[in-house]
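In what follows, a structure is listed as structure tokens, so that the remarks can point back to it.
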Amino acid sequence: MLYPKKLTKLSQISLVHTSSPVERKDLGDFKKAIEKIQKDYPMTKFFDVERNSLDPRYLSASGLERLRKLRKALKKVDWLLPVYGGTGCADIVRKLSPEDLSRIKKRRPIVSGFSDSTFLINYLYFKLKLLTFSYANACGLYDHDNNKLFFDIISGTQRNFSFKEESYKWIGHAGAPEKPIEGFCIGGNFSTFRDMLDIGEINPRSWEDYILFIEELDMDLEDLHRIVISLDQRGVFRHIKALVIGKMNEKKLSGDYRRFNSIFNREPEEKFTNVFEYLISDVLKKRMADNDPLYILKVENFGHGLNKNTMILPIGGKTVIHPDKKIEFVGPFVE
């Protein structure tokens, strides 16, 4: 494991555009976030991008412009902090050169991100074994009530932390485990994670050491099915230690399930309780038959649109899920 250097008052924080521009409704929050970061950490620098008339509106700038600014930021950085999510992070991460990765490995910066930026943090973990963090991008950094915990973690003053809420529940054939499940945390936004594996050509030796965390903002059942099949083809669900499912549009997904049953003249399955359980039912049955059950924990404080007790994921960090549904992350996370 390659641990990032801990955050200090003299750390060089580099804000970079990886994906979409900041939406109009969030511009005020972004301005306040920059002011607060620069006040607390005077070495903060914002690597803004230049746009031209041909750039699509949903991108902060062209892929080459974002890559150029990212490389400039990498020359001296202690915390690489994406500005916003949206789409487009794959544009630049797929073009990182061996020299770029070598520079990151040498600098060992803190790298954090959420939504589309989870492409970057998972990519750097799989390519360099650099521990990274799934948490808010710069624009929403201070919107969560536990942002102090995040700063304590990356500053090295918080070595272990955990999450547990009443809404957590075990789902699937396996139910609750009899003893704690230990593994290493990976994941984030589900569709972005699939893209990261495919575009980044990520092929780990085995999935057996991992606990996969996934969430998705908005997706219909057919699109979700395609992503599930993509990961299943790689053997992910057949071998991971456990699966943690965050917020998804359960109402839409369940509605799609019922609608398709009606269209194709079938009665819905009485045992249907969760669309994800339905999509990977064959894998779940096979693992039960092999006495190697896949444990699935459903949580509500991981995903988009949250600000209370938002889950912080150390990508690559040691993770323990207890039978009582407590998720514990065991440090160190920085050094």
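The values are calculated or read from the model by the stated rules, or taken from the named source; none is laboratory data. On a predicted model such as this, the values are computed, not experimentally measured, just so you know. Please note: Cβ atoms are built from the backbone with ideal geometry, for glycine as well, and neighbour counts cover all protein chains shown. These accessible areas exclude ligands, DNA and RNA; they are computed on the full protein's heavy atoms, side chains included. Shrake-Rupley method; radii C 1.70, N 1.55, O 1.52, S 1.80 Å.
Structure data summary
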{"read-out": "With DNA, RNA and ligands ignored, accessible area of Glu182 (1.4 Å probe; Å², nearest 10)", "value": "100 Å²"}
{"read-out": "Probe 1.4 Å, accessible area per residue of the chain, Å²", "value": "47 Å²"}
{"read-out": "Accessible area of the chain belonging to carbon and sulfur atoms, whole % at 1.4 Å probe", "value": "47 percent"}
{"read-out": "For segment 1-154, convex hull volume per residue from C-alpha positions, Å³", "value": "101 Å³"}
{"read-out": "Nearest-ten-degree value, helix 27-40 long axis tilted from longest Cα axis of the chain", "value": "60 degrees"}
{"read-out": "Backbone N under 17 Å from the Phe260 label point (7 Å along Cα→Cβ), restricted to segment 274-312", "value": "274-284"}
{"read-out": "Reach of Lys32 by Cα under 13 Å, taken over aspartates and glutamates that are not fewer than 8 positions away in the same chain", "value": "Asp40, Asp143"}
{"read-out": "Longest segment of the chain lacking trypsin sites (Lys or Arg not before Pro) that sit in a DSSP loop with at most 11 other Cβ atoms within 10 Å", "value": "76-204"}
{"read-out": "Nearest 10 degrees, 0 to 90: helix 250-263 Cα axis against the chain principal axis", "value": "40 degrees"}
{"read-out": "Between segment 259-335 and segment 23-67, the alpha-carbon center distance in angstrom", "value": "34 Å"}
{"read-out": "Cβ charges +1 (Lys, Arg) and -1 (Asp, Glu), total dipole of segment 150-285, debye", "value": "240 debye"}
{"read-out": "For the chain, with +1 on Lys and Arg beta carbons and -1 on Asp and Glu, the positive-most of Asn52, Ala176, Gly200 along the dipole", "value": "Asn52"}
{"read-out": "Distance violations [Cα-Cα > 22 Å] among Lys9/Lys308; Lys5/Lys318; Lys72/Lys105; Lys39/Lys247", "value": "Lys9/Lys308; Lys39/Lys247"}
{"read-out": "Alpha-carbon Rg with Dmax, taken over segment 180-270, Å", "value": "14.9, 43"}
{"read-out": "Charge-dipole axis of the chain as Lys and Arg at +1 and Asp and Glu at -1 on Cβ define it, positive-most pick from Leu212, Ser134, Ile110", "value": "Ile110"}
{"read-out": "Thr132, Thr157, Thr8, ranked by accessible area, largest first (probe 1.4 Å)", "value": "Thr157, Thr8, Thr132"}
